[in-house]
Amino acid sequence: LMGTASIFSRRGLEYAPFDVMVVVSLVVSAPIFVVVAVLTTGFHDAPVRGLVLVAAAGVVGSLVARSCYFLGINYVGPGKSLSISATSPLFAAVLAVLVLGERVTPMVLVGTAVLVLGVVAISRDARAETDREGHSPYVVLFPLAGAVLLAGSVTLRKLALDTGLAPIEAAAVNMTTALLVAVPVLVGARRERFRGVDRRAIRQFVVASLLMTAGFGLVVL
């Protein structure tokens, strides 16, 4: 789902900047999760600590990491960006060891080594493309930063779920917090980018957002 969404995201980014994509994705996702949460759990007895942790995860993951992800798609393409972003589970495994106290296994060590080699290989391959487009080779750091931040948000969400917060409640608070922060930060600071946005971009962004909503829901559950 996320891979398919990246294709539509890239198409939309041909007509509008990444921050429009970020806001549209949150505008689509947040209401869906809120409605489902209200109709199912109703946020009854939701632990405050869990809500705070998942709200922080929303800012780190669904806003900042997602922005880096879309920037990566824009500069190095969906294939390379998605490949680098897909390293997030290994960063999450490392954080799980450091923060959650999980045990280091040989597979985690092997995976970490593969992660480093894979990022180096993709970065070298992306350099030729960025040279053609006139971009700095350091733009590969956008999806890499997104992967690290996403891993951090996953750790925060796991801590939140350990408090007894329901997964659908976590998803709803996560997306809603990200949206509430994104509107004043992105729309307020760059209002001109949101005026007269090409409808072709909006159509592509909405499709991508629906796919990402389904994908994120599966990840949280």
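The values are calculated or read from the model by the stated rules, or taken from the named source; none is laboratory data. Just so we're clear, the structure is a prediction, and the values are computed from it rather than from any experiment. Cβ coordinates were reconstructed from backbone atoms using ideal geometry, including for glycine residues, and neighbour counts include every protein chain displayed. These accessible areas exclude ligands, DNA and RNA; they are computed on the full protein's heavy atoms, side chains included. Shrake-Rupley method; radii C 1.70, N 1.55, O 1.52, S 1.80 Å.
For the condition within 15 Å of LEU156 (Cβ to Cβ), open to solvent by 20 Å² or more (accessible area, probe 1.4 Å) and in a helix (DSSP H, G or I), what is the one hit in VAL52, VAL97?
Result of the check over VAL52, VAL97: VAL52.
Just one of ALA5, ALA16 is buried (at least 19 other Cβ atoms within 10 Å of the Cβ) and not in a helix (DSSP H, G or I); which is it?
From the options ALA5, ALA16, the qualifying one is ALA16.
The rows are residues; the columns are (1) open to solvent by 20 Å² or more (accessible area, probe 1.4 Å); (2) hydrophobic (A, V, I, L, M, F, W, C); (3) in contact with a Pro (Cβ under 8 Å, 6 or more places away or on another chain); (4) at pLDDT 90 or above.
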position: ARG11; (1), (2), (3), (4): yes, no, no, yes
position: VAL20; (1), (2), (3), (4): no, yes, no, yes
position: LEU26; (1), (2), (3), (4): no, yes, no, yes
position: ILE32; (1), (2), (3), (4): yes, yes, no, yes
position: ALA93; (1), (2), (3), (4): yes, yes, no, no
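Just to be sure, is ARG157 within 14 Å of the chain's Cα centre (by Cα), over 21 Å from PRO78 (Cα atoms) and either part of a helix (DSSP H, G or I) or at pLDDT 90 or above (or both)?
Here the answer is yes, as ARG157 does meet what is asked.
What single numbered condition from (1) open to solvent by 40 Å² or more (accessible area, probe 1.4 Å); (2) closer than 23 Å to VAL99 by Cα; (3) of a type in the set (A, V, I, L, M) fails to hold for ALA145?
Here ALA145 meets the rest and fails (1).
Each row is one residue, and each column tells you yes or no for (1) modelled with pLDDT of 90 or more; (2) surrounded by 17 or more Cβ atoms within 10 Å (Cβ to Cβ); (3) under 22 Å from ALA57 (Cα atoms); (4) over 17 Å from the mean Cα position of the chain (by Cα).
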{"residue": "GLY152", "(1), (2), (3), (4)": "yes, yes, yes, no"}
{"residue": "ALA178", "(1), (2), (3), (4)": "yes, yes, yes, no"}
{"residue": "LEU186", "(1), (2), (3), (4)": "no, yes, yes, no"}
{"residue": "GLN204", "(1), (2), (3), (4)": "yes, yes, no, yes"}
{"residue": "PHE216", "(1), (2), (3), (4)": "no, yes, yes, no"}
